[in-house]
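A quick write-up on the structure given underneath.
The values are calculated or read from the model by the stated rules, or taken from the named source; none is laboratory data. Nothing here was measured: the structure is a model prediction, and the numbers come from that model. In this analysis, Cβ positions are derived from the backbone assuming ideal geometry, glycine residues included, and neighbour counts consider all displayed protein chains.
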Amino acid sequence: MRKHKSDRLIAGITFVLLAVGLVVIYAIGPQRANFMNSAYGTNYSSNYFFLHQLLSVGLSVAAFIVAFKFPFEKLKTYSKILVFVGLGLCAALALFSLIGLPLAKCELGGCRWFNLGSVSFQPAEFLKLGLVLYLAQLTAKWKKEKKLESRDYLQPYAIVAAIALFFVVILQKDLGTGLAMVAIILAILYMGGIKTSVFVVILALVLAGGVLAIVSSPHRLERMTTFSGSGDADENYHIDNAKMAIGTGGFMGVGIGNSVQATGYLPESINDSVFAVMGETYGFRGLFLIIMLFTVLLLRILKVSQKLDTEASLVAVGVFAWIAAQVVVNIASMTGLVPLTGITLPLLSYSGTSMIFIAFSLGLVLQLSCYTGREVKNESISSRRGLGGTHYASRRGRP
């Protein structure tokens, strides 16, 4: 392992996506404010959503830089603390919502945020980062000690995963975030080298748990009905308007500031549905570019993971699974390929906590990209010029 230049493409794409998201919120923010004021009697200014998004972008850039600069060797020593702090915050949120304290902010049928005055904080996003670091460290340790051949090591995994998913999917009623967590857990397990037979059993249990989570929740059953095509006009309203927005945009788009769906027809137009609004605004060419940016970003993260030691590699794999799950689920939901699920589009949706922690995770991958190893061919050390000291070592003893 040696230090070298970072993968600047990861940084470049991250900042481009943040900038594109900021432009989108600037364009549709006033429409969103007008709709909220007329529908709910609020008093949002026309620049309210843009200014909040600008603050989130600023904090995200700061988080990205901190993660890039803070040594990974120090950060990983706090992995267990981070995951348990995340679980503790989720437990506190559940308790506050149960006893009705105003610190718990409840919207859209779930209590998922801490109310901190003019800002809010979603502990599930903090928990995702903790899961990535903790499970990567745990798996790397077991792999080194050759414990992956036994099923005993699954107990800590099962306990942490079950508690995390219980808080997020059952208590917070956030299946989208739960899917991202499941992706993190499965990706780290699989790439860590778990036996295929054991992995298949785990996958079956996860699918069974997903089915149980759907059938036990009326609103999730309603979304399945909508996806199957048997829902009524009210049940199909969200997905119908999302498809209408994308279809209206055509190839070129209607242009910035001309979105009709953002005026109130499309629910969550600046959050979960921002992909559809971007389709209306920028057209197919814009959506294609966004998808390509995410694709290149994810491929670069995978490339970084392939050249790291076990623990660092699994951290990069966890970040890959985290971002990929959110991108795929969000886009597939907005295009009707999967049942509608509430989840933000990384770095583009109007958000705070989610954007900040995803930016932090990308900054961490950027740091790891500085320490990737490189394959050394079977050749004489003295014949390899450009590596530290070898060029000069070949001249020793010369007159």
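Would you check which residues across the range 326-344 are closer than 17 Å to GLN122 by Cβ and either modelled with pLDDT of 95 or more or among the polar types (S, T, N, Q) (or both) and list them?
GLN326, ASN330, THR341, THR344
Could you list all residues from the range 98-112 that are without any contact (Cβ under 8 Å) to a residue 24 or more places away in the chain and not small (Gly, Ala, Ser)?
Matches in the range 98-112: LEU98, ILE99, LEU101, PRO102, LEU103, LYS105, CYS106, GLU107.
Across the range 262-278, what is the number of residues that are modelled with pLDDT of 85 or more and not in a loop (DSSP other than H, G, I, E, B)?
Number of matching residues: 5.
Examine the range 282-290 for a residue that is out of contact with any strand residue (DSSP E or B) (no Cβ under 9 Å at 6 or more places or on another chain), small (Gly, Ala, Ser) and crowded, with 23+ Cβ neighbours inside 10 Å, and state whether such a residue exists.
Scanning the range 282-290, I find no residue that is out of contact with any strand residue (DSSP E or B) (no Cβ under 9 Å at 6 or more places or on another chain), small (Gly, Ala, Ser) and crowded, with 23+ Cβ neighbours inside 10 Å, so the answer is no.
Kindly list the number of the only condition in (1) touching a helix residue (DSSP H, G or I) at 6+ places or on another chain (Cβ under 7 Å); (2) under 14 Å from LEU171 (Cβ atoms) that fails for GLY130.
(2)
Give me the residue from the range 61-78 that is more than 15 Å from LEU135 (Cα to Cα) and β-branched (Val, Ile, Thr) and, out of that set, surrounded by the fewest Cβ atoms within 10 Å (Cβ to Cβ).
My answer is VAL66.
Only residues that are part of a helix (DSSP H, G or I) and crowded, with 20+ Cβ neighbours inside 10 Å: list them for the range 242-261, please. Reasoning before the result, please.
Just the residues of the range 242-261 that are part of a helix (DSSP H, G or I), to begin with: 242-249, 261.
Those that are part of a helix (DSSP H, G or I) and crowded, with 20+ Cβ neighbours inside 10 Å: ALA242, ALA245, ILE246, GLY249, GLN261.
What single numbered condition from (1) of a type outside the set (D, E, K, R); (2) surrounded by fewer than 21 Cβ atoms within 10 Å (Cβ to Cβ); (3) touching a residue at least 40 places away in the same chain (Cβ under 8 Å); (4) closer than 21 Å to ALA316 by Cα fails to hold for TYR190?
(3)
Have a look at LYS143, LYS173 and point out the one that is part of a loop (DSSP other than H, G, I, E, B) and touching a residue at least 12 places away in the same chain (Cβ under 8 Å).
Result of the check over LYS143, LYS173: LYS173.
For the range 33-47, does any single residue satisfy the condition of being closer than 21 Å to LYS128 by Cβ and touching a Phe, Trp or Tyr at 6+ places or on another chain (Cβ under 6 Å)?
Within the range 33-47, the subset closer than 21 Å to LYS128 by Cβ is none.
The answer is no; no qualifying residue exists.
Take the range 18-55 and flag every residue that is of a type in the set (D, E, K, R) and not in a helix (DSSP H, G or I). Walk me through it before giving the result.
Residues of the range 18-55 of a type in the set (D, E, K, R): 32.
Answer for the range 18-55, where residues must be of a type in the set (D, E, K, R) and not in a helix (DSSP H, G or I): there is none.
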